[in-house]
Amino acid sequence: MSSYRAVVFDFFGTLTRSVQRGPQHADIARALGADPDAVTGVLNRTFRARARGSYGSAEATLRWVIEQAGGRPHPGAIRAAMPARVDALRADTRLRPEAISALTAIRSRGVRTAVISDCTHELPAFLPSLPVAPLLDAQIFSVELGICKPDPEIYLAACDRLGVAPADCLYVGDGGSHELTGAAAVGMTPVRLTAPDLANHLVFDADTNFAGRTVRSLTEVLTLLDPIPAMV
């Protein structure tokens, strides 16, 4: 039996490879009459507010971002751009090659799995279509709860849906959003993923002072689930 009852994962940069915004974001900005660099600036400085759903629906949020960047789009143009916005985020998202095998192996040990993501409206729209979706017992999205990591409530929401105590959970993430110290604060055991590609990852509020356990791949997480052999 594993000494943990659940493994909770971050999504972007953890179950996925490093994320950078691809060219589709600039195409959307131009189609809506705004400068792509100005839009990028707005997206960067408002990530946490957007991830809490502070500007309303996905459509209202995109309109707000474009207007902040100097665009004056027609409501119909915003509506028409919504599928492209989801597609742009999906295009930025490449699952780690070992994500499916690692999640499958974790579940085969009788250990539950969840994802907690600081995300905007697009991830809940496309994650169900990804091959990892059936391998996750709970999916917690900041934009749906109105709170971001490291707020204790976002971790406790995952525990509640999994039916486990924080002390029974490993938390695996790349360290954005101060997520590792946040996980530790509620009683989870945090583990930083230090995969080489993360040097190029788009990250906000990195957990730079974290000095706990690290793994280089999702497969390595499995070694943390195996019980320590009894001394003879």
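The values are calculated or read from the model by the stated rules, or taken from the named source; none is laboratory data. Since this is a predicted model, take the numbers as computed values, not measurements. Please note: Cβ atoms are built from the backbone with ideal geometry, for glycine as well, and neighbour counts cover all protein chains shown. When the accessible area is computed, the model is the full protein with side chains, heavy atoms only, and any ligands, DNA or RNA have been set aside. Shrake-Rupley method; radii C 1.70, N 1.55, O 1.52, S 1.80 Å.
Rounded to the nearest 0.05, what FRET efficiency do ASN209 and ALA125 give with R0 = 25 Å and r taken as the Cβ-Cβ distance? Could you check? So, using R0 = 25 Å, E works out to roughly 0.15. With distances taken between every two different alpha-carbon atoms, the chain has a Kirkwood hydrodynamic radius of 18.3 Å. When Rg and Dmax are taken over the Cα atoms of the range 33-94, they come to 11.3, 33 Å. Solvent-accessible area of the chain (1.4 angstrom probe, protein heavy atoms only): carbon and sulfur portion equals 54 percent.
Applying Stokes-Einstein at 10 °C and 1.306 mPa s to the Kirkwood radius of the range 89-132, computed over alpha-carbon pairs, gives a translational diffusion coefficient of 134 µm² s⁻¹. Extension gain for ALA133 to ALA60 (0.36 nm times residue separation, less C-alpha to C-alpha distance): 23.6 nm. Please say if the range 1-137 is rounded, prolate or oblate, where rounded means a/c under 1.5 for a ≥ b ≥ c the square roots of the C-alpha gyration tensor eigenvalues, and otherwise the choice is prolate for a/b larger than b/c and oblate otherwise? It comes out prolate by the Cα gyration axes. For the range 105-163, a/c is not less than 1.5, where a ≥ b ≥ c are the root eigenvalues of the C-alpha gyration tensor, and a/b does not top b/c. That puts it in the oblate class. The convex hull drawn around the Cα atoms of the range 102-232, when projected onto a plane and averaged over every direction, covers 9.0 nm².
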